[in-house]
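Following: one structure in C-alpha cells, then a few remarks.
The values are calculated or read from the model by the stated rules, or taken from the named source; none is laboratory data. Small disclaimer: the values here were computed from a predicted structure and weren't measured. Every residue, glycine as well, gets a Cβ built from its backbone with ideal geometry; the counts of neighbours run over all protein chains shown.
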Amino acid sequence: MATITAPTPRGLPAVLRNRAVAKLALLVLAAAILVPLANARWASGSWPAALTVDVSEPLTTASTWIIDNRDSHPLFLYFFGHISNAVVVCVRAVYLVLLAAGWAGVTAAAALVAWRVTGLRLAAGTGVAFLACGFLGMWIPTMQTLALMVVAVLASVVVGALLGLASGLSDRMDRALRPVLDTMQVLPAYAYLLPVVLVFGMGVPAAVLATVVYAAPPMARLTALGLRGADKEVLEAVESLGATARQRLLTARIPLARKELLLGLNQTIMMALSMAVIASVIGAGGLGDRVYQALASVDVGAALTAGIPIVLLAVVLDRVTGAAGERLGDEPQPNGRARWVYALTGAVAVAVAGRLAGRLDWPDTWTLNFAGPVNRAVDWMTDHLYSGVPVIGGTADWAAHFTTWILDPLRDGLQWLPWWSVLLIVATLAWLIGTWRTALTAVLAMAAIGVLGVWQPSLDTLSQVLAAVAVTLVLGFATGVAAARSDRVERLLRPVLDVFQTMPQFVYLIPVVALFGVGRAPAAAAAVVYALPAVVRITTQGLRQVDPAAMESARSLGATPAQQLRQVQLPLARRALLLAVNQGVVLVLAVVIIGGLVGGGALGYEVVFGLAQGDLATGLVAGAAIVCLGLMLDRVTQPTERRAKKGA
Amino acid sequence: MRLRTTAVVAAVSSLALLTGCGAADMTKQTSPFANAQGARTVTLSVQSWVGAQANVAVAQYLLEHELGYRVDTVQIDEVPAWDALSQGRVDAIMEDWGHPEEEQRYIKDKKTIVNGGDLGVTGHIGWFVPTYFAKEHPDVTDWKNLNKYADRMRTAESGGKGQLMDGSPSYVTNDKALVKNLGLDYQVVFAGSEAAQITQIKQFAKEKKPFLTYWYEPQWLFKKVPMTEVKLPAYKEGCDADPEKVACAYPHTPLQKYLNADFARNGGDAAALLKKFKWTTEDQNEVSLMIADQKLTPEEAAKKWVDSHESTWKAWLS
Amino acid sequence: MTTTTQNTTPETRKPPTAPVFSVEGLWKVFGPKAHRVPADPELTALAPAELRSRTGCTAAVRDVSFDVRKGEVFVVMGLSGSGKSTLVRCLTRLIEPTAGTIAIDGEDVRAMDKSRLRELRRHRAAMVFQHFGLLPHRTVLDNVAYGLEIQGVGKAERRQRAAEVVAKVGLEGMEHRRPGQLSGGQRQRVGLARALAVDPEVLLFDEPFSALDPLIRRDMQEEVVRLHREEGRTMVFITHDLNEALKLGDRIALMRDGAVVQLGTPEEIVGSPADDYVREFVRDVPREQVMTVRTAMRAASAGEQGNGPAVAPDATVSEAIEAVARAKAPARVVDEGRCVGVVDSEALLEVVAGTAKETV
C-alpha cells in the first residue's frame, strides 16, 4: 500500500528551491553527456544539415497535384466543393440581404438592435459608426466585410459551441481538445492562411474557412469553461429535483454558462474581424482588401479611410456584445418582447422607405474624402520627424539605431550560438518556469524548426520577437505602474487601450512604414504598438488587485510609494506580470510575422513569399516553423500555476 | 430520438438542396460579391504595384462610366491571381510579366484562361542606382565595379555588406543567385512590399544617399527619382533557365493581359473592351504618377486621363 | 455500533410509526478502490488518519444506521467535516454510497434504476441547499416552478402552484425578481419554496441557514417550525449549529468523523451525553431551556399533591423556574389532570448548574 505524504506548507519554499536546483543539476548532467556527443557528431553553429528533412519536394508535389485535380478529383467535387459552395451561397445571401436593406435599413437595424441589447447611448454610437462608414465612401466594402463576418462568426460559434459542449461534458474529450485549443489560441493568424489556400484556392471560401479555424477556438474554450465552471450546488439542486441529463443541460448548464458563452461570442467576433481583414491577402475582399491595396501604394490616407470602418465595426461589435454580457441577470424590462417588435418593425420600415425613395446605394455626393489632408499630415511627419530632428534624432535614426544596436547583435548572437545550446537554453527556461512536460514541448518545437530546415530565419524572427517584447515590457510595465497608481492616468488611458486592442493587426503596419521606413525595426515597432495595450491592461489590473490589506499594512509601517511598489505590489502581482509577459510574447509574434509585409524578413517574409508566389511549400514550411516558434515561446513563458488554474 | 433523426434528415437534405446535389466544382464558383442586384459585375485583379493599379483604374472607369458595369477589384499577387482567374473568381488580369509555368497549365492544359493580347507596355527588370550618384561615379553602372562601392551602399539592415534592395516577394527575382554567382559583396534586403521599397528609395533620394535597388520599367518613380540602370551580363535566351545558376540580366517582356476563358466568351462589351485595352508606357506612367505621387484616388486619376485622351480609349470601345 | 436505540423514556410527542427512511450500516468512502474499505474488518477498525495513510481513502460516512420516522424532524448534527452533508446526499444517491442499505418506505433506494431514482427525487424527497442552488437566470416564480417543470407539468398549472407556494413562504410580490436581487434570507425562502412546490414526502435540509445572518436565521428557523406544525411533513435537517439542532429536532444524530456518536432527543443529548465528546459539545447549552421538568421532578409527597402551580411534564425547566419563582413554592407536574411529580427550586437549580444526575 502506498503511503502518501502531504507536503507541509511551511516546507514549501525550501522544497521549491531544492526543486529548481535539482532541475538545473539534472539539466547540467544531461547536457554534459549529450552536448559533447552532439557536438562531435554534428559540429556546426547552425542546425546541422544532417538533421534536416527536406519537405519542400513532397509539399510542392502535393500542391501541384491539388491544383491539377481541383476540378476533377471526387474529393474536391463531392466534399470540398460543397463546403466552398455553401460558403459562397451563404455569404452571397447575406450580402444580398444587406444590399437590399440599403444603407438606411442596415444602419437603422444595427442601431435598433444595439438599443434593445444595450441602451440608447450605444445605439446612437452604432448608428453614427455605420453612417461614418458611408461617409468615408466605404459602404460597399463594409457590407462585403460584414457579410463575410456574419457567415464566419455564425459558423465559428456553431463549431466552437459544439466542440465546447463535447469538451465541457466529456472529460476524455476535454483532455484531448484542451491542449489543441490552448495551442491554437497562441498561433499567429498568418499561420492559418496557407493550408486553407492550398485546398480552396484564393477567394472568399478560403477566407471564411481560415477565419472560422481562427475564431472558433475561443468559443470552444469558453463554452467548455462555462459548462465546467457552473456552480456545483446549483447542478446538485437540479439533480436533486430529478432532472434528466438533457433537462440538466438545457435548463441549467447552458443557461448557467451564458456569461462565458457571450464572452466567447465577443472574442469570436473580434478574432473573426481581425482575421477577415488579414484574409484579404488570400482574396477576402472588402475593407481588408482596401487597406491592403492602399498599403501597396504607401497611401496612408486611403489606408486610414478603409481602416477606420474596421475599427468602428470592431468597437461597435465589441461594445454591444460586451454590454449584453454585463446586463445579464438584470431584471428583465417590462414588455421587452414588444419593444423588440417595435425595433424590428422600425428597421423594416426604414429599409422599405429607403427602397421606395430609391436610395439603396450610398449617395456618391455624400462622401467625405479626407485622404488628402491625412497624407499631407503624413508627409509633414515624414519630412520633419523622419530624420534630422535636432537632439533626439529622427524616427529613421531611431530605427537605424534600434537595428544596429539591438536587432543585429541579438540576431547574430542567436545565430552564432551552437544549435544545441539554443535547445538547452529553451529547456532550462521552460523547465524552471513550468514542468518537464512544457520543457519537452518547447524543446521539441524548437528542434522541429531545425528539422524543417528553417533554423536561421526562425532565429532571425526570434530575435525580432525578443527585442520587441523587451521594449513592450519596459513601456508596458512603466505605463501599467503609472496607471495603477493614478486614477486619472487610468481614465485617460482606458479608451485609448480599448481602441488599440480592438484594432486589427493589419492597421498598425501603415503608420510605422511612414515613420520608420522599411526593415525589421518597423515590424518590431508595429508589434510593440499592438502588444502594448494588453500588457498595460494586465499589469494595471494585477497591481490594482493586490490585497488592500497588504498595502495598508505596508503604508502603516511607513513604506514610501517606491518601497510599496517594489516590496509589496510587484511581488504580489507576480502572476499577473507573468501573464503579461506571456500575452506580450504571443501578440508580438503575431505582428512580427505580418511584419514580413514591411520588410521584417525571416519567417514572415517566407510566408508572404509562399502566398505571393504560389510557392506553398516554402510558405507551409515557414508556417509550420511559426507554429513551432509560437508553441515554444508560449511554453517558455507560461508559468505552471496558470495551467493548474485552468485545469480546475 | 425520432425528432433528432428528423432534424438531421432535414438538415442534410436542405444542405443538399442548397448546394445542388452531386458534384460541386469549386473551380467554377464565382465571387459571392459578383453580379449582386442584377448589376453586371466585372472583377479585376489588381497587383500590388502602381502600374497595375493604373491599368485597372482606367479599365474600371471606362467599364463603369461608359458601359455601365459594376467593377470589383481584388488585390491578389501574380501567381495566385492565375489560380483565381482560372476559377473565375477574377475575370481579368491586366498586366502580367510572364509566367511560363502557369501559361502551360491554365492556357494549354486546362483551357480555363485565354490570352487577352498585349497591354502595349514593355516591361524590364534591372538593378538601378540613383542618377545623381551615377553622374558622380560613372563606372558604377557596370556590375564589375559594384564591389568598389559596396561600402557606400551599406545600411543597418545589410550589415557589413552593401545593400541590394529588393521589393515585394511576389516579384520575379533572381537577385540572390545573381549576387552569389557574380561574386558581389552585397546583401539582398527584401523590403517586403513595393510600398515599403518606394518609401525607402524616396528617403534615400531626399538625402542624396547612394543606393542600389532592384527596380523595373515602366515605373512612375523614375520621374521623381531619376535612376540609371546598372549593366549586368547581357541576357541571352535561356540564360535564366536554371534559377540557381543565373548570371545574366533580366529580359525585356512585352506585358500581357489574360482573361478567364468563360468571361472572354460571354463577357460581352466588357470582355471586348478589356481585349482591346492597349496603351503606352507614357500613358501608364501618367496615371501611376497621379495615383502614387499626387495621391489622387485611382478613380480621380483615371478620370483625368480619360478626359484628356479620348482618342485613345474611343478605339477600345468600338 | 448501533444507534437505533429505542427511546427508553415514554415518548409523548409522537407515537412511533413505520420509518420513512431506514438506513442500515451505511458507508461512504472516497478514494482509490473505496469498496474494499467497508468490507475489510481490519480497515474499518482504523482511525481516520491511519486509514488515509494506509489506503489513501477517506471515510466520510462510517457505518451509520438510523430510522427517520414519519412526521418527525430528524436532525443530523456535527462539525464541518463530520460527514453529515455526505450522509444526507447519500439518502437520494446524489452521492453514491459505498456500502450499506437505505430504504424509503421499505423500498431499497440503492437497488433503484435510473428512472425509479428520478421518480424518488421528483416526488418523494426534495432538498434545500446551504447556498440555495437557485438558477440565476430565472425569476423567483420560475425557480419555484422548476421542479414541476422537470416533472413535465404544464406552464399554467406549474405557475399557479408555484405562486401558492411563494405566498406560503412569504414572498408575495417578488415573483418576478431574479435571485440576484434578493437578500440571503429571501433566497433561501425561494429554495424552500422550490422544495415544497413538488409536495415531497420528505424535506431534506443541508445546513440551509448557516449562510444567513443570525436574526434572519432565527426567522427562518421559526418558519420551518411553523411549516412543520402546519403540514407535519417529515424533515431531515443537517446543521452544525447545536442550538438550531436543539430547537428544531425531535431527534438528533450527533456525528463525528463520519460516525454517529449519539442519537436521541435533545433532552437525552443534553441530559446524558454518550461520551466526553458530546459532553464537551453540550457544555454551554442553557440546559434549562432543553431539559424538561420530567427529568427534574421527584415523586410528590402527599402534602404536595394539591398545592402549588401546575406545569406539564414536557415543559422546559426554565418555564418551571418561572412558575416556581412566581409562586415561591414547588410546582406540580400535571399530566392529563393527574399529578405525576413535583419540582422544587433545588431540583431546578441542580439542572441549571449541571449537577443533576444524568437520568436519561
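Restricting attention to the stretch C:196-224, the residues being away from chain A (no Cβ under 14 Å) and among the β-branched types (V, I, T) number 2.
Across the stretch C:112-137, what is the total count of residues that are out of contact with any Gly (no Cβ under 6 Å at 6 or more places or on another chain), among the charged types (D, E, K, R) and at the interface with another protein chain (Cβ under 8 Å from one of its Cβ atoms)? Of the residues in that region, 1 qualify.
Only residues that are over 21 Å from A:A590 (Cβ atoms), crowded, with 24+ Cβ neighbours inside 10 Å and not aromatic (F, W, Y) were counted in the stretch A:168-226, giving 8. Taking the numbered list (1) under 28 Å from C:C90 (Cβ atoms); (2) aliphatic (A, V, I, L, M); (3) within 12 Å of chain A (Cβ to nearest Cβ) in turn, C:A193 passes all entries but (3).
The condition of being under 23 Å from C:V334 (Cβ atoms) and outside any loop (DSSP other than H, G, I, E, B) holds for only one of C:E280, C:E288, that being C:E288. Taken over the stretch C:244-303, the criterion of being more than 22 Å from C:H228 (Cβ to Cβ) and of a type in the set (D, E) is satisfied by C:D257, C:D275, C:D276, C:E280, C:D284, C:E288.
Sort out which residues of the stretch C:97-125 are more than 21 Å from C:E207 (Cβ to Cβ), touching a residue at least 40 places away in the same chain (Cβ under 8 Å) and not in a strand (DSSP E or B), and write them in order of number. Let's see the steps before the verdict.
So in the stretch C:97-125, the residues more than 21 Å from C:E207 (Cβ to Cβ) come out as C:98-101, C:103-120, C:122-124.
The next check asks that each one be touching a residue at least 40 places away in the same chain (Cβ under 8 Å); those that pass are C:98-101, C:103-106, C:122-124.
Selection gives C:T98, C:D105, C:G106, C:R122, C:H123, C:R124.
Return the residues of the stretch B:78-103 that are within 15 Å of A:G285 (Cβ to Cβ) and either in contact with a strand residue (DSSP E or B) (Cβ under 7 Å, 6 or more places away or on another chain) or assigned to a loop (DSSP other than H, G, I, E, B) (or both); say none if nothing qualifies.
To start, the set of residues in the stretch B:78-103 that are within 15 Å of A:G285 (Cβ to Cβ) comprises B:80-81, B:84, B:87-91.
Listed by number, the residues that qualify are B:A81, B:A84, B:G88, B:R89, B:V90, B:D91.
For C:L43, indicate whether it is of a type in the set (A, V, I, L, M), within 12 Å of another protein chain (Cβ to nearest Cβ) and either assigned to a loop (DSSP other than H, G, I, E, B) or crowded, with 17+ Cβ neighbours inside 10 Å (or both). Considered against the rule, which asks whether it is of a type in the set (A, V, I, L, M), within 12 Å of another protein chain (Cβ to nearest Cβ) and either assigned to a loop (DSSP other than H, G, I, E, B) or crowded, with 17+ Cβ neighbours inside 10 Å (or both), C:L43 comes out as yes. Could you list all residues from the stretch B:78-93 that are closer than 20 Å to A:Q144 by Cβ and under 10 Å from the mean Cα position of the chain (by Cα)? The one that is closer than 20 Å to A:Q144 by Cβ and under 10 Å from the mean Cα position of the chain (by Cα): B:A81. Name the residues in the stretch B:269-301 that are out of contact with any strand residue (DSSP E or B) (no Cβ under 8 Å at 6 or more places or on another chain) and surrounded by fewer than 19 Cβ atoms within 10 Å (Cβ to Cβ), would you? Within the stretch B:269-301, B:D269, B:A272, B:E282, B:D293, B:Q294, B:E299, B:E300 qualify.
Away from chain C (no Cβ under 14 Å) and in contact (Cβ under 8 Å) with a residue 24 or more places away in the chain, is that true of A:M173? No: the conditions fail for A:M173. Check whether at least one residue in the stretch A:518-530 is within 14 Å of another protein chain (Cβ to nearest Cβ) and in a loop (DSSP other than H, G, I, E, B), and report yes or no. Scanning the stretch A:518-530 turns up at least one residue that is within 14 Å of another protein chain (Cβ to nearest Cβ) and in a loop (DSSP other than H, G, I, E, B).
Checking A:M446 against (1) over 25 Å from A:A622 (Cα atoms); (2) touching a Cys at 6+ places or on another chain (Cβ under 8 Å), which test does it fail? Of (1) over 25 Å from A:A622 (Cα atoms); (2) touching a Cys at 6+ places or on another chain (Cβ under 8 Å), only one is false for A:M446: (1). Taking the criterion of being within 14 Å of chain C (Cβ to nearest Cβ) and at pLDDT 70 or above, no residue of the stretch A:330-362 qualifies.
Inclusion of A:A439 among residues that are more than 13 Å from A:L51 (Cβ to Cβ) and modelled with pLDDT under 85 is warranted.
Can you name the residue in the stretch B:79-91 that is within 7 Å of chain A (Cβ to nearest Cβ) and either touching a residue at least 24 places away in the same chain (Cβ under 8 Å) or out of contact with any helix residue (DSSP H, G or I) (no Cβ under 8 Å at 6 or more places or on another chain) (or both) and is also surrounded by the most Cβ atoms within 10 Å (Cβ to Cβ) among such residues?
Applying the filter and picking the extreme gives B:R89.
Among the residues examined, C:A103 does not qualify as of a type in the set (A, V, I, L, M), crowded, with 17+ Cβ neighbours inside 10 Å and within 14 Å of chain A (Cβ to nearest Cβ). You will find that of A:G600, A:G584, the residue that is in contact (Cβ under 8 Å) with a residue 60 or more places away in the chain and either over 30 Å from A:A624 (Cα atoms) or within 14 Å of chain B (Cβ to nearest Cβ) (or both) is A:G600 and no other.
Residue by residue through the stretch C:52-63, note down the ones that are within 11 Å of chain A (Cβ to nearest Cβ) and either in contact with a helix residue (DSSP H, G or I) (Cβ under 8 Å, 6 or more places away or on another chain) or within 18 Å of C:V261 (Cα to Cα) (or both).
If we filter the stretch C:52-63 for residues that are within 11 Å of chain A (Cβ to nearest Cβ), which is where we start, we get C:52-57.
Those that are within 11 Å of chain A (Cβ to nearest Cβ) and either in contact with a helix residue (DSSP H, G or I) (Cβ under 8 Å, 6 or more places away or on another chain) or within 18 Å of C:V261 (Cα to Cα) (or both): C:R54, C:T55, C:C57.
Residues that are facing chain B (nearest Cβ under 10 Å) and either surrounded by fewer than 24 Cβ atoms within 10 Å (Cβ to Cβ) or not charged (D, E, K, R) (or both) within the stretch A:603-615 comprise A:G604, A:Y605, A:V607, A:V608, A:F609, A:G610, A:L611, A:A612, A:Q613, A:G614, A:D615, listed in sequence order.
Is it the case that the stretch A:509-521 has a residue that's buried (at least 19 other Cβ atoms within 10 Å of the Cβ) and either modelled with pLDDT of 85 or more or of a type in the set (D, E, K, R) (or both)? Looking for residues that are buried (at least 19 other Cβ atoms within 10 Å of the Cβ) and either modelled with pLDDT of 85 or more or of a type in the set (D, E, K, R) (or both), one finds at least one in the stretch A:509-521, hence yes. Scanning the stretch A:298-321 for residues that are buried (at least 24 other Cβ atoms within 10 Å of the Cβ) and small (G, A, S) yields A:A302, A:A303, A:A306, A:G307.
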